[in-house]
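The values are calculated or read from the model by the stated rules, or taken from the named source; none is laboratory data. Since this is a predicted model, take the numbers as computed values, not measurements. FYI the Cβ positions are ideal-geometry reconstructions off the backbone, even for glycines, and counts take in every protein chain you see.
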Amino acid sequence: MPTLLSAWFNSHQPNLHPPSFYSLSLFRSSHPPPSPNPTLAMALSRFASSSRSGSLLKPLSSAISLRRPISTDTTPITLETSVPFTAHQCEAPSRTVQTSANELLTFFRDMALMRRMEIAADSLYKAKLIRGFCHLYDGQEAVAVGMEAALTKKDCIITAYRDHCTFMARGGTLLEVFAELMGRQAGCSRGKGGSMHFYKKDSNFYGGHGIVGAQVPLGCGLAFAQKYSKDEAVTFALYGDGAANQGQLFEALNISALWDLPAILVCENNHYGMGTAEWRAAKSPAYYKRGDYSPGLKVDGMDVLAVKQACTFAKEHALKNGPIILEMDTYRYHGHSMSDPGSTYRTRDEITGVRQERDPIERIRKLILSHDLATEKELKDIEKEVRKEVDDAIAQAKENPVPESSELFTNVYAKGLGVESFGADRKEVRATLP
Amino acid sequence: MGALRDCQVDARQTEDGTPLPPRASSIIELLFPFFFQKREKKSRGEKMLVVRKKMLGQSLLIRPAVSVLRSYSSSAKQMTVRDALNSALDEEMSADQKVFLMGEEVGEYQGAYKISKGLLEKYGPERVLDTPITEAGFAGIAVGAAYHGLKPVVEFMTFNFSMQAIDHIINSAAKSNYMSAGQMSVPIVFRGPNGAAAGVGAQHSQCYAAWYASCPGLKVLTPYSSEDARGLLKAAIRDPDPVVFLENELLYGESFSVSDEVLDSSFCLPIGKAKIERVGRDVTITAFSKMVGHALKAAEILEKDGIDAEVINLRSIRPLDRSTINASVRKTNRLITVEEGFPQHGVGAEICASVVEESFAYLDAPVERIAGADVPMPYAANLERLAVPQVEDIVRAAKRACYRSVPLAAAA
């Protein structure tokens, strides 16, 4: 029986090694622990693949029509990151990562959801339902998802204005996102913040900041508070390659290093600061080295497993030794914001090239398929589900009312002291601040 | 309430720091004080003092009606503004573990102006933190700590240096509660000397009251006396919103009388309430910080010319106590605003606009503004004197408002 199966499989190998900058390198541990799942298909696929490393198998189930659920299997799977980590002033973590079917499928779903959400936001902006600034994160999903996988909700995250997906990763809902973008009451900031000011304090997500670079000292401050309160938790302060040249970043890093704060500075290097390429903005675009005395790590930001590994390493490091810099090599498909077509300072070929070869969701899809953790149809179904979720949330958000006019005057202060505030015509519109 | 009984403090005397009347030395004096006291005509204003204080919820004590048989304390304790600030910081840090102090030289140097003297020894380097000379960095770090629930007190060596950190004060601190619809309150205090010192030149002499007070989401306080310093700093530290606390270097060494109530560790002044330092009926003079002293001196001079000035110590620039100011103007019908800072778009401009909007019909004369000269601060002593309001400027403006610039005899 096994020989027949092997023969059948050999003739049906799909080509899962397309040319790429970052080749997938997979190996399976030869003696996986016994799985609690006794279905025939799973047992057969594991048997078949363990007999050869790097084998690419079409799942048996499609041949024998066995209905197999999406795997919730938490059996460890060992994989390698796309590229090894590059380290500065520290020893790089291993490129071997432990994951599981459950985790990979969660990654896939989360990233697909984020992707779909950002594309939908693009349409809403063009339909003029979203106003002002709208900075989209599609292409960079692996950073948000991988980071969240390495953290707990006790750890803090703070980022700049490209915050929709980071907010989702911290536990935000689609309705909160779309309602906020459209300026409705159900938004996470009740419509008063907008795209750049998402917050979720109960998950230790501190926004959402419009001033480039400001979030880095704020993040170091969060780390200070965690150390002061002996939280045994860390703060991840995200910034872009454009913000990496900000003076206040170095001021904050200096203080963090002096005071041993558990701060991790994460440079999401998508290679463009608005319309300015990194080589035109930074004399030294090796952002992971710019910490000088602080150690740094360069990470493939399109590989969610590498991101998770780096963040786990950084968290451990920061708790013991103070600040560390992570440079996530990533890419954004959209322009800087919805006002920027994104093609005047880079070629369309570059964008499609990255999309074909480095897309984070495609990477995970290939991993899942090659490890037979789900069928292509199942993954497509997930994508359909996710699309429906997004559409439903948008419909719900569109129905949601705009804030009451009285909201103009709420939350100016936490404690208003009964002070008076005024509208444009102060003889017409006055309010007492609660 | 025991404190109330033991002290008798008259508003005017306290603020000038002059001693109280001597203790009774015989039983006759005790029983019949009337015959022994210097009889001064009690102005309507003084009688109003009691009523006004009750109305405005002032914390200052009132002279008890029947005080003969009670024992007076000896002259109330004198305290410098420096000590007042130091004690306020000490008590608030002691009461709440989340309060910490951060700034240049606040620790080992004992404070650039010795405001934080002794605090490092008492609370340790985890809570009294010396920073490098990087205002943008450490102000941002402090705001981040406030996001996470701590209560930072950030010292700027002078508020001129706060301009390096002003993005964090305005965009990261003041606006966060609003932008997050109440999720992120920022219980931070930014404090330090503000305004002109003596001979420090243009870059070290600016007054920032008007700049910060224009920003919704901030509270801006300007203490004058030691009582103000203690009460307002305590209130600022306890307040859940970002507070800009503008001190004055030249006031640090000045002594004021403080009552036992002020010295109590629970003492606190309300934010947003001005104090009437001197009750009057002819003209209202508003001032804050060092200018309150100038205004009080001007009021004494004006009294000799028969002009009874009411001096309001604003204490709080944002929120501005518009009701106290307007009530006063409705009584006196004339207004002088005094401030040290640049005149254009200043605090006086806001007060004038507020009075014109709410009490126009009560004004008998145009509102007068006394402010710093519309120039960067010069160094030469004579020029510096011209650039900062002097007592005679306030006197002259008050006389103008009372249409008394020209002596009455000449007008006849």
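Here are the numbers for this structure:
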{"item": "Only listed residue being within 14 Å of chain A (Cβ to nearest Cβ) and farther than 30 Å from A:GLY191 by Cβ, chosen from B:ARG238, B:ARG230", "result": "B:ARG238"}
{"item": "Flag if A:ARG115 is out of contact with any Leu (no Cβ under 7 Å at 6 or more places or on another chain), modelled with pLDDT of 95 or more and outside any loop (DSSP other than H, G, I, E, B)", "result": "yes"}
{"item": "Subset tally (residues that are at the interface with another protein chain (Cβ under 10 Å from one of its Cβ atoms) and assigned to a loop (DSSP other than H, G, I, E, B)) for region A:173-211", "result": "20"}
{"item": "Region A:352-401, residues that are among the acidic types (Asp, Glu) and either without any contact (Cβ under 8 Å) to a residue 40 or more places away in the chain or closer than 30 Å to A:SER189 by Cβ (or both)", "result": "A:GLU362, A:GLU376, A:ASP381, A:GLU383, A:GLU385, A:GLU389, A:ASP391, A:ASP392, A:GLU399"}
{"item": "Residues satisfying the stated conditions in region B:120-146, i.e. in a helix (DSSP H, G or I) and closer than 24 Å to B:ALA197 by Cβ", "result": "B:GLU135, B:ALA136, B:PHE138, B:ALA139"}
{"item": "Unique match (being closer than 15 Å to A:ALA112 by Cβ and either small (Gly, Ala, Ser) or more than 16 Å from the chain's Cα centre (by Cα) (or both)) among A:ILE325, A:ILE382, A:ILE351", "result": "A:ILE382"}
{"item": "Matching residues, region A:163-193, being surrounded by 21 or more Cβ atoms within 10 Å (Cβ to Cβ), over 15 Å from A:ILE130 (Cβ atoms) and of a type in the set (Val, Ile, Thr)", "result": "A:THR166"}
{"item": "Among the candidates B:GLU254, B:GLU247, residue that is under 29 Å from A:GLY418 (Cα atoms) and in contact (Cβ under 8 Å) with a residue 24 or more places away in the chain", "result": "B:GLU247"}
{"item": "Members of region A:215-242 that are among the aliphatic types (A, V, I, L, M) and under 20 Å from A:GLN140 (Cβ atoms)", "result": "A:VAL216, A:ALA237, A:LEU238"}
{"item": "Tally, over region A:214-231, of residues that are more than 8 Å from chain B (Cβ to nearest Cβ) and free of Cβ contacts under 8 Å to residues at least 40 places away in the same chain", "result": "2"}
{"item": "Within region B:122-139, tally of residues that are more than 8 Å from chain A (Cβ to nearest Cβ) and not aromatic (Phe, Trp, Tyr)", "result": "8"}
{"item": "Count of residues meeting criterion [in contact (Cβ under 8 Å) with a residue 40 or more places away in the chain, assigned to a loop (DSSP other than H, G, I, E, B) and within 23 Å of B:THR222 (Cα to Cα)] in region B:343-390", "result": "8"}
{"item": "Near pairs, Cβ below 6 angstrom, 6+ apart or cross-chain, from region A:293-314 (under 18 Å from A:PRO262 (Cα atoms)) to any residue that is aromatic (Phe, Trp, Tyr)", "result": "A:GLY296/A:TYR288; A:LEU297/A:PHE85; A:LEU297/A:TYR288"}
{"item": "Conditions (1) within 14 Å of chain A (Cβ to nearest Cβ); (2) touching an Asp or Glu at 6+ places or on another chain (Cβ under 8 Å); (3) crowded, with 22+ Cβ neighbours inside 10 Å; number of the one not met by B:ASN326", "result": "(3)"}
{"item": "Subset tally (residues that are touching a residue at least 60 places away in the same chain (Cβ under 8 Å) and either more than 9 Å from chain B (Cβ to nearest Cβ) or within 25 Å of A:GLY335 (Cα to Cα) (or both)) for region A:232-265", "result": "15"}
{"item": "Scan of region B:87-128 for residues that are among the hydroxyl-bearing types (Ser, Thr, Tyr) and surrounded by fewer than 18 Cβ atoms within 10 Å (Cβ to Cβ), ordered by number", "result": "B:SER94, B:TYR109"}
{"item": "B:SER328 vs. criteria assigned to a helix (DSSP H, G or I), closer than 22 Å to B:SER316 by Cβ and more than 24 Å from the chain's Cα centre (by Cα)", "result": "no"}
{"item": "Per-region count, region A:223-263, residues under 17 Å from A:LEU297 (Cβ atoms), of a type in the set (A, V, I, L, M) and in contact with a Lys or Arg (Cβ under 7 Å, 6 or more places away or on another chain)", "result": "2"}
{"item": "Qualifying residue in region A:340-363 (condition: within 27 Å of A:THR173 (Cβ to Cβ), within 14 Å of chain B (Cβ to nearest Cβ) and not aromatic (Phe, Trp, Tyr))", "result": "no"}
{"item": "All strands (runs of 3 or more DSSP E) inside region B:149-263 with 3 or more residues being of a type outside the set (Val, Ile, Thr)", "result": "B:151-155, B:189-193, B:243-247, B:255-258"}
{"item": "Breaking point among (1) touching a residue at least 24 places away in the same chain (Cβ under 8 Å); (2) outside any loop (DSSP other than H, G, I, E, B); (3) over 30 Å from B:SER116 (Cα atoms); (4) among the hydrophobic types (A, V, I, L, M, F, W, C), for B:ILE307", "result": "(2)"}
{"item": "Scope region B:331-342; condition outside any helix (DSSP H, G or I) and either out of contact with any strand residue (DSSP E or B) (no Cβ under 6 Å at 6 or more places or on another chain) or touching a residue at least 60 places away in the same chain (Cβ under 8 Å) (or both); matching residues", "result": "B:ASN333, B:ARG334, B:LEU335, B:ILE336, B:GLU339, B:GLU340, B:GLY341, B:PHE342"}
{"item": "All positions within region B:147-177 that are within 7 Å of chain A (Cβ to nearest Cβ) and either under 22 Å from B:ALA196 (Cα atoms) or aromatic (Phe, Trp, Tyr) (or both)", "result": "B:TYR147"}
{"item": "In region A:326-374, residue farthest from A:ASP110 (Cα to Cα) [restricted to those that are of a type in the set (A, V, I, L, M) and in a helix (DSSP H, G or I)]", "result": "A:ILE351"}
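Table: residues versus (1) within 28 Å of B:GLN206 (Cα to Cα); (2) in contact with a Lys or Arg (Cβ under 6 Å, 6 or more places away or on another chain); (3) at pLDDT 95 or above.
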| position | (1), (2), (3) |
| --- | --- |
| B:CYS352 | yes, no, yes |
| B:ALA361 | no, no, yes |
| B:VAL367 | yes, no, yes |
| B:ASP374 | yes, no, yes |
| B:SER405 | no, yes, no |
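Condition check ((1) within 28 Å of A:ALA263 (Cα to Cα); (2) not charged (D, E, K, R)) across all residues:
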{"site": "B:LYS98", "(1), (2)": "yes, no"}
{"site": "B:TYR113", "(1), (2)": "no, yes"}
{"site": "B:LYS151", "(1), (2)": "yes, no"}
{"site": "B:HIS168", "(1), (2)": "yes, yes"}
{"site": "B:GLY199", "(1), (2)": "no, yes"}
